[in-house]
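Below: the structure, in structure tokens.
The values are calculated or read from the model by the stated rules, or taken from the named source; none is laboratory data. Model, not experiment: these values are computed from the prediction. Counting neighbours? That spans all protein chains shown, and the Cβs are built from the backbone with ideal geometry, glycine included. We work out accessible area using only protein heavy atoms, side chains counted, and drop any ligands, DNA or RNA first. Shrake-Rupley method; radii C 1.70, N 1.55, O 1.52, S 1.80 Å.
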Amino acid sequence: MSNTAAAGHTLAHGDNYINHTPGIKSWLGTLDHKRIGMMYLYTILCFFLLGGIFALMIRWQLFSPDSHFVDHDKYNRLFTYHGAIMVFMVIIPLIPAAIGNFVLPMMLGAKDVAFPRWNLASYYVYLTGALFAASTLFLKGVDTGWTFYTPLSIRTQSSATWVLIGAFIMGFSSILTGLNFIVTIHKLRAPGLTWDRLPLFVWALYATSIIQVLATPVLAITLFLLILERTIGIGIFDPKLGGDPVLFQHFFWFYSHPAVYIMVLPGMGVISEIIPVFSRKPMFGYKAIAGATFGIALVSFVVWGHHLFVSGQSEFANFVFSLITMFVAVPTGVKVFSWLGTMYKGSIRFNVPMLYVFSFLFVFTIGGLTGVFLATVSVDVHLTDTYFVIAHFHYVMVGGTIFAFLGGLNYWFPKFSGKMYNETAGKIACLLVSLGFNVTFFPQFILGTLGMPRRYANYLPQFTTLNMVSTVGSWMIAAGLLLTAFYLWRALKNGKPAGDNPWGALTLEWQTPSPPPMENFLYDPVVTDGPYEYRGEKIKLGMYA
Amino acid sequence: MRRLLLGMIITMFGIELNARAATLPVAATDVAASWDSLYWFLIWLSLVFFVGIVVAMIVFAVKYRKDVNKKPKYIHGHTGLEVVWTVIPTILVLIIFAWGWAVYRDMIHPPADAMEVHVIGKQWSWQFSYSNGNTSVRDLYVPLNKPVKLIMSSEDVIHSMFIPNFRVKQDVVPGMYSHVWFESKVPGIHQIFCTEYCGTDHSAMLGRVIVLTAEQWKEWWSGKKIDVDSLPSDPSFPGYRANFLGEGLPADAAQAQGLSLAEKGKKLYETRTCSACHSTDGSAKVGPTFKGLYGSDVKLIDGTTVKADDNYIHESIVMPAAKVVDGFGPVSAMPMGLVTSEDEINQLVEFIKSLK
């Protein structure tokens, strides 16, 4: 369908998922995947704000070595909440449940996900769990760290049980979404949308969903056992009762390491969507990228032990886990090289989503390479539990997932809203966030190699300068994110109409009006070509790119 | 061209030497030095990849920007290239793994003649017990150029012993012993951090390794106090001497006592009624004898055999029913809770070790 024809339809109908039925009630009880996606988005962004405020408070405390901004107990709660909120309530659901919910069925040419009621249920399950966990802010708080290591988490007098129950509940939301996506991808593809024509974002969500369905139950079991240990003392993890505290770490990371890929694979999927569109070129090595996605997902299940190199795990286990972890680098490298290959001899546009891709590649490469350091068992011994690890996983989680999310948000915003934002503001915000990110986290690599341990409320005076730099960086990130919130809000209020396909993309979600009508498409789409077949007149298609 | 290359290499080494001092603690052991070599290999290798990727990205972005390159090339991939960028990284990570493993083996296997020191982690301090009965808190005293093995356990939650200058770190887990070893080549003070989050004052759970020359060591071993302030400060943290942060925490309390660890254990053996059931002369009473127990292979009632090491003895004291020796079953007659403090368990372990 051509661009102008679709625009004509928007004008002719004017009926879309936003204005189809009015009133807050019609939103809260909606079965429409787009509305549910938006509800997820707004809810998650609220928690992102909360987790971000905790991050800024952490950095403020660490501005000086013997700060009394908060006392030790409060500081321990700050980093626990920051970690737990960002992991369980933000990064895990962010791209799949918010963007994925909106975009996935449209990319498939479907009217909705396979089980719309499950979809709505998953949102309320998530909300219930998140509110459960957040309610402890008004009780005694939690001071276990987001990893809940035993026996500290058994002994603590804080409200850890409520957070554990919250995380337990949120897990079901993750499983529901995962199962829903798997069935949707299998059953609801448009005619002609064969497996080798699936957009790579769909492949990424598919792999993510499989991990969610397989790994999350293990977390549920682990948290449930810990709740029992805290309440009735079953003696599984408590050494005083003959339990093994390290067993908890095995259980916990058996979920939480695959969870790292639940967080990052969807981000890689977003990047794989943006690059071909703004390079006007087919994806370089489409099959390799799809294969690498599954390679990473598979390996992710058998590397959890690399979190336990100094935990007292056996020498043999360290050998095996170090060796297997090394192989994560290979498919990850394949992806990065293929993305570069896609840009090679392309016709590159510098719109905001593409700028986030550049930032992503810069930052994610550092995150990936420092991962090799930590996979190397002897090198890990010195670096683990120091700021090197903090820097590494922020380069992967923020540089990978959050940057990809921001790229995706700027990419699909015109589709979500039908409006275009101020691109100059978008570019300034991207610059601020990217610069600020590196100013915040790069010094932390050096703090780590120098030996500064993580989760320290106060530190040796020798670490002061680097910590100050890091704190200043956190303000730059905050400024960039606030600016993003501001220009997107303004675009929602009175942005220019974006048109149906402002970037001239070929995937199905762009071949329908913006914002999309209730059941997504005016005609049942038929697919005749791959998702990135830019040639001939398709190269110049977008109004904005 | 050759001169340029040479210049570049020299510059790179210069940069590396400066960067080492700015980004890594002093390498005070041989293991630390070999760790550093591997670390810098990884840094250079990463730089090659990072610079390659970022330069390619920038060059493509500039060279193929929309205004310049209006007609993108319609290509889907290149099998040869894809094989190359799969195979080369695979080989590289295997090399890295092997090198990493080699350093790790040196890092965790102490020489047989290493001096043993018992370490107890508790919220939020370190306690050290030496074989002659000396004890110290927060400050660990060791001789220069002599291998030292720490046998570590925890009184409460998980802690972690981290000595940056030695590049060693090991979690200290309640209910079991873990080990770390080092041989310091640099006298003076070396910082200790707790690196496993352990509750309120985790960030104040610091300590120092005090590395003494042979003469100073002799004095300290015989019970004399050492003026730590006169020793060289930590070379990685120049001028920094305090061994803890925060207020209201006990300062260094090194003290010498008359009895050795094993002798203290013997006292416990007599006073806590161990002697009623366990002999020290090889004869079997209600329980198995302690003579020759340490290091022997013990047959259990379930038919399996275990080595009687530190962890076995620790577990048998705390949880007598966990492993019952063949011929003494079907259930253990020994009550739990006879000895519960880690300090006393250590003394008993040393006593049993002494009964060859």
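Below is a table of values for the structure above.
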{"item": "Beta bridges per DSSP with both ends in the protein assembly as shown, % antiparallel, nearest 5", "result": "75"}
{"item": "Rg over Rh [alpha-carbon atoms, Kirkwood Rh] for segment B:98-207", "result": "0.95"}
{"item": "Mean separation of Cα contacts under 8 Å, 6 or more apart, over the residue count of chain B: relative contact order %", "result": "14"}
{"item": "Listing of segment A:44-74 residues, each with accessible area lower by at least 50 Å² in the full protein assembly than in the chain alone (probe 1.4 Å)", "result": "A:72"}
{"item": "Approximate spin-label separation residue B:48-residue B:87, in nm, with each point projected 7 Å along Cα-to-Cβ", "result": "1.7"}
{"item": "Förster radius 22 Å - calculated FRET efficiency between residue B:185 and residue B:102, Cβ distance, rounded to 0.05", "result": "0.60"}
{"item": "Normalised alpha carbon radius of gyration of segment B:261-354 [divisor 2.2 N^0.38 Å]", "result": "0.98"}
{"item": "Nearest-ten-degree value, helix A:387-396 long axis tilted from longest Cα axis of chain A", "result": "20"}
{"item": "Taking segment B:186-237 and dividing mean pair separation by its residue count, relative contact order in percent (alpha carbons under 8 Å, at least six apart)", "result": "46"}
{"item": "Over 26 Å (Cα to Cα) - which of A:240/B:285; B:122/B:356; A:419/B:66; A:34/A:187; B:266/B:307 fall in this group", "result": "A:240/B:285; B:122/B:356"}
{"item": "Accessible surface of chain B [probe 1.4 Å, protein heavy atoms]: carbon and sulfur percent", "result": "62"}
{"item": "Whole-percent carbon and sulfur share, accessible surface of segment A:149-252, 1.4 Å", "result": "71"}
{"item": "Distance between modelled label sites at residue B:78 and residue B:94, nm, 7 Å Cα→Cβ extension", "result": "2.5"}
{"item": "Relative contact order %, chain A, counting alpha carbon pairs below 8 Å whose residues are six or more apart", "result": "19"}
{"item": "Residues of type lysines that residue B:70 reaches as a straight line, Cα spacing below 17 Å, ignoring anything fewer than 8 places off in the same chain", "result": "A:281, A:345, A:538, A:540"}
{"item": "Accessible surface, 1.4 Å probe, highest first, among residues B:138, A:77", "result": "A:77, B:138"}
{"item": "At 1.306 mPa s and 10 °C, Stokes diffusion of segment A:3-539 via Kirkwood alpha-carbon radius, µm² per second", "result": "67"}
{"item": "Residue A:172 accessible area, 1.4 Å probe, all protein chains in place, Å² to nearest 10", "result": "100"}
{"item": "Solvent-accessible area per residue for the protein assembly as shown (1.4 angstrom probe, square angstrom)", "result": "37"}
{"item": "The protein assembly as shown: calculated mean residue ellipticity at 222 nm from DSSP helix runs of at least 4, using -39500 (n - 2.57)", "result": "-17500 deg cm²/dmol"}
{"item": "Stokes-Einstein translational diffusion, segment B:2-108 - Kirkwood Rh over all Cα pairs, 0.890 mPa s, 25 °C, in µm²/s", "result": "139"}
{"item": "Cut-off under 5 Å, modelled amide H: who pairs with residue A:284 long-range", "result": "A:342"}
{"item": "Accessible-area order (highest first, 1.4 angstrom probe) of the listed residues B:200, A:128, A:136", "result": "A:128, B:200, A:136"}
{"item": "Residue-level accessible surface for residue B:341, protein heavy atoms, 1.4 Å, Å²", "result": "30"}
{"item": "Proximal charge balance of residue A:382 [Cβ under 9 Å; K/R count +1, D/E count -1]", "result": "+1"}
{"item": "Nearest-ten-degree value, helix B:342-354 long axis tilted from longest Cα axis of chain B", "result": "70"}
{"item": "Ordering of A:201-209, B:16-24, A:432-440 by burial proxy (mean other Cβ atoms within 10 Å per residue, highest first)", "result": "A:201-209, A:432-440, B:16-24"}
{"item": "Cα convex hull of chain B - mean projected area over all directions, nm²", "result": "28.4"}
{"item": "Acute angle (nearest 10 degrees) that the helix A:464-494 long axis makes with the longest principal axis of chain A, alpha-carbon atoms", "result": "30"}
{"item": "Charge tally in the Cβ shell below 13 Å around residue B:158, where Lys, Arg are +1 and Asp, Glu are -1, residue B:158 excluded", "result": "-3"}
{"item": "Environment charge at residue A:314 (Cβ cut-off 15 Å; Lys +1, Arg +1, Asp -1, Glu -1)", "result": "-2"}
{"item": "Whole-Hz ³J(HN,Hα) from phi, Karplus 6.51 cos²θ - 1.76 cosθ + 1.60, for segment A:70-83, glycine and proline x", "result": "10, 7, 4, 4, 5, 4, 4, 6, 4, 6, 5, 5, 4, x"}
{"item": "Cα convex hull volume per residue for the protein assembly as shown (Å³)", "result": "173"}
{"item": "Candidate residues A:229, B:263: accessible-area rank, largest first, probe 1.4 Å", "result": "B:263, A:229"}
{"item": "Virtual spin-label span in nm between residue A:74 and residue A:140, 7 Å along Cα→Cβ", "result": "1.9"}
{"item": "Centroid-to-centroid separation of segment B:110-182 and segment A:508-540 [C-alpha atoms, Å]", "result": "65"}
{"item": "Protein accessible surface hidden between A and B, which excludes ligands and nucleic acids, total in Å², probe 1.4 Å", "result": "7600"}
{"item": "Length added when fully stretched, residue B:321-residue B:62, from 0.36 nm per residue minus Cα-Cα", "result": "86.1 nm"}
{"item": "At R0 = 51 Å, FRET efficiency that the Cβ-Cβ distance of residue B:229 and residue A:314 yields, to 0.05", "result": "0.75"}
